[in-house]
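Only one structure is covered here, and it is reproduced in the block below.
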Ligand code: SF4
Ligand code: SF4
């Protein structure tokens, strides 16, 4: 008799298990289909560096070296040069990502608002050279492919000291 009751109970319990499965089939998945889908990072996330330009396209960096002086990991290397107007700029500007600890001190030290840590975090590589971030990889495009809304957002972020994405 006891065995029969247990079998009946098992038969009742089995569809209950399927009900749990069915219930989750119609719920929004908690996992992400990465890398096809990517969640935006937190606004204060410190990812890959980028170098800003003025609105007319000239580079903001004047190669003053303050970012390199502030860098606790000694990860920044630069060489200065002068353009045809006699303005100073960095001919070479490199960040060694193998040394960088993504502290953001370079961004804070920069008097020209030239260097920022963006939101990019996908920069895996298999050679040491691929981790040397050169100036041509860091300089933002000109003209920037932006909507007017993004421009306003960037100014607001700058005013409130929130790191912006590239
Ligand atoms: S984020 Fe920090 S460690 Fe990396 S380059 Fe800037 S100052 Fe140096
Ligand atoms: S990024 Fe800023 S702090 Fe660094 S050298 Fe250029 S202007 Fe100076």
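The values are calculated or read from the model by the stated rules, or taken from the named source; none is laboratory data. The structure presented is a predicted model; accordingly, all values stated were derived computationally and were not measured. For neighbour counting, all protein chains shown are included, and Cβ atoms are generated from backbone atoms with ideal geometry for every residue, glycine included.
Note on the range 58-99: residues that are assigned to a loop (DSSP other than H, G, I, E, B) and either at negative phi or surrounded by fewer than 13 Cβ atoms within 10 Å (Cβ to Cβ) (or both) amount to 18. From 123, 116, 102, grab the single residue that is under 16 Å from the mean Cα position of the chain (by Cα), outside any loop (DSSP other than H, G, I, E, B) and touching a residue at least 12 places away in the same chain (Cβ under 8 Å). Among 123, 116, 102, only 116 is under 16 Å from the mean Cα position of the chain (by Cα), outside any loop (DSSP other than H, G, I, E, B) and touching a residue at least 12 places away in the same chain (Cβ under 8 Å).
Might you let me know whether the range 27-49 holds any residue that is assigned to a loop (DSSP other than H, G, I, E, B), closer than 19 Å to residue 155 by Cβ and touching a helix residue (DSSP H, G or I) at 6+ places or on another chain (Cβ under 8 Å)? Scanning the range 27-49 turns up at least one residue that is assigned to a loop (DSSP other than H, G, I, E, B), closer than 19 Å to residue 155 by Cβ and touching a helix residue (DSSP H, G or I) at 6+ places or on another chain (Cβ under 8 Å). Summed over the range 24-67, the residues that are under 23 Å from residue 86 (Cβ atoms) and within 16 Å of ligand 2 (Cβ to nearest atom) give a count of 14. Please work out which residue is farthest from the chain's Cα centre (by Cα), limiting yourself to the range 138-157 and to residues that are at pLDDT below 70 and not in a loop (DSSP other than H, G, I, E, B). Filtering first and then ranking leaves 148. The selection criterion, being closer than 26 Å to residue 154 by Cα and either more than 15 Å from ligand 1 (Cβ to nearest atom) or surrounded by fewer than 16 Cβ atoms within 10 Å (Cβ to Cβ) (or both), holds for residue 111. Residue 82 passes every criterion in (1) more than 12 Å from ligand 1 (Cβ to nearest atom); (2) under 27 Å from residue 128 (Cα atoms); (3) over 21 Å from the mean Cα position of the chain (by Cα) apart from (2). Per the listing 36, 44, the residue uniquely more than 30 Å from residue 77 (Cα to Cα) and either exposed (fewer than 10 other Cβ atoms within 10 Å of the Cβ) or in contact (Cβ under 8 Å) with a residue 40 or more places away in the chain (or both) is 36.
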